[in-house]
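Nothing in this text is a laboratory measurement; each read-out follows from the coordinates by a stated rule. Given the structure is predicted, the values throughout are model-derived calculations rather than measurements. Cβ sites come from the backbone with ideal geometry, for glycine too, and all protein chains shown count toward neighbours.
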Amino acid sequence: MTPREAWRSAEAAERALASIEKGNGGDHDAIEPHPWLRFLAFDDSATLRAPEFVLDDVMAAGQVVLTGDRGAGKSTLGASFAMLAAHLCARDHPLRPTLRRNVIYIAEDPAQVQWIIRAKLRREGEARGGFYAADVRERIKFVRAVALHADTLDGIAAQLDPLRVTNHAQSGATFDAMPLVILDTRSACVAVADENDNAEASAALQYLRRFVPVPTMLISHPPKGNKGTTRGAGAWEADAHQVIYLSLDPETRVRTVHLAADRDREAKRRFESAIDSLLVSSDVVTFEALDPLGQTVETRVRYCDVTPERSGEKDARQTDEQITRTLRAVQQGALSASAVQEALGIKRQKAQELVRLCVESGWLERVAVPSGSRKAEPLKLTLSGARRLAA
């Protein structure tokens, strides 16, 4: 291209850009800008708007995937999140959100979810005078799951509108919070030909965002082996706004809600928060119920609650749990760091670090071996270590 041709090309580009900018400004004589060229103004004087949350700094008001280990209690956690979102919790609960919203809970087994909420209602609602059955009926709507193709959901948005909740600030400002829709489980609610097909998964989530433009939680099964992710194509997580992972420690039975990614799990979020995880506590409530023969029997129902863990608190708690597991492994015959490594299924360096920490803290000691022996000094649980295990 000659210099003259280059100059003419640049001049033509400037004229086209000016015409596009006029079109963006509403000049009817200008050309209609391409969708990718509809410029938005950058105004650094405008007040920044914080992200909208379902649970402040924990769960975004977008498309959220909740997955986790088998048997960890994903539906139980989903019911707990539903009650928090609807303000069916203590006024001083650390996760009570700023915005109150109604909840539509679409479940494979609605009876199970209602049992969980009834247990929480009896233990934390009626007993403490915070909320009652009438509040649950008003705020949470239960639906039996039907698997539908996402492209058939056109028209549902208008029916969601009456469920919005108007929230009032002390300043007099108001905000209408749209309902939270929980799909428990994704596979029971969203029909796809092949859940392992990325294109199909991505299209399904796009249709959901288009036709169900409200905060949505998709509770999903994990793959075989609890591999720290959700079952199916990677797009189920990649295209979502947030991925929350619920883990269950097989030995301590401690349940943790992971909000940020770590080396074992693919949790993700598109916002920054000081809360990296939630610690799950649970309890059991006993009800009298009727069996198939109409006889009264006792039925035990477990519900859960969650409390936030700040950055660093989860690491400290997990280290404490690993110390306990190390002491128990030695008690059961793991007499060296390599044996502890095998018993705990951790890396060699981590096992050596845990053994060193336990010895320095007086929970383990090394037993002396005869002079000249090539054998390493075996580990032994001290009285202090035994007391720690018994505590």
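For the chain, what is the calculated [θ] at 222 nm in deg cm²/dmol (nearest 500), taking -39500 (n - 2.57) for each run of four or more DSSP H residues and dividing by its residue count? The partial results should precede the final answer.
Details: 12 runs with 127 residues, N = 391.
When only DSSP H runs of four or more count, the value is -9500 deg cm²/dmol.
If the chain linking V369 and D92 were pulled fully straight, counting 0.36 nm for each residue of separation and taking away their Cα-Cα distance, it would gain 93.9 nm. Among A337, A82, A203, the largest mean-square fluctuation in a Gaussian network model of the chain (Cα springs under 10 Å) belongs to A337. For the pair K227 and Q206, label points projected 7 Å from Cα toward Cβ lie 2.6 nm apart.
To the nearest ten degrees, helix 74-85 and the longest principal axis of the Cα atoms of the chain are 60 degrees apart.
For the residue pairs K350/K375; K314/K375; K74/K350; K314/K380; K120/K268, alpha carbon separations beyond 26 Å are given by K314/K375; K74/K350; K314/K380; K120/K268.
Only counting other Cβ atoms within 10 Å, I'd like W236, W115 sorted with the fewest neighbours first. Working shown, then result.
Details: W236 26, W115 19.
In order of increasing Cβ crowding within 10 Å: W115, W236.
Site pair Q295 and L153 shows an inter-label distance of 4.5 nm when each label is modelled 7 Å from Cα along Cα→Cβ. How tilted is helix 348-360 with respect to the longest principal axis of the chain? Cα atoms for both, answer in degrees (0 to 90, nearest 10). So the inclination is approximately 50 degrees.
Bridges between two residues of the chain, per DSSP, are antiparallel at a rate of about 60%. Starting from the Cα gyration tensor of segment 318-390, take the square roots of the eigenvalues, sort them a ≥ b ≥ c, and report rounded, prolate or oblate (rounded when a/c is under 1.5, otherwise prolate if a/b is larger than b/c, else oblate). Oblate.
If you run the Gaussian network model on the chain, springs between alpha carbon atoms under 10 Å, then out of R270, R49, R231 the most flexible one is R49.
Just to verify a number: FRET efficiency for W36 and L335, C-beta to C-beta distance, R0 = 56 Å, to 0.05? If you can, show how the numbers build up before the last one.
Values: r = 67 Å, r/R0 = 1.19.
The computed FRET efficiency comes out at 0.25.
In angstrom, the C-alpha Rg and Dmax of the chain are 27.7, 98.
In this calculation the C-beta distance from L389 to Q170 is compared with R0 = 45 Å, giving a FRET efficiency of 0.30.
Find how much the distance from A376 to A261 grows on full extension, using 0.36 nm per residue of separation minus their present alpha carbon separation; answer in nm with one decimal. Write out the running numbers ahead of the final one.
On the way: separation 115, 0.36 × 115 = 41.40 nm, distance 3.83 nm.
Gain in length upon complete extension: 37.6 nm.
First measure r as the distance between the Cβ atoms of D283 and K141, then evaluate 1/(1 + (r/R0)^6) with R0 = 25 Å and state the FRET efficiency to the nearest 0.05. After rounding, the FRET efficiency stands at 0.45.
For the chain, the longest principal axis of the Cα atoms and the long axis of helix 198-211 meet at an angle of about 60 degrees.
What's the exposure ranking of V146, V212, V330, going from fewest to most Cβ atoms within 10 Å?
On the way: V146 9, V212 19, V330 25.
Listed from fewest to most nearby Cβ atoms, that is V146, V212, V330.
Residues whose amide H comes within less than 5 Å of that of S277, counting only those at least five positions distant or on another chain, are L259, E309 (H built at 1.01 Å from N in the peptide plane). Counting other Cβ atoms within 10 Å as a rough exposure proxy, the listed residues I219, I117 run I117, I219 from fewest neighbours to most.
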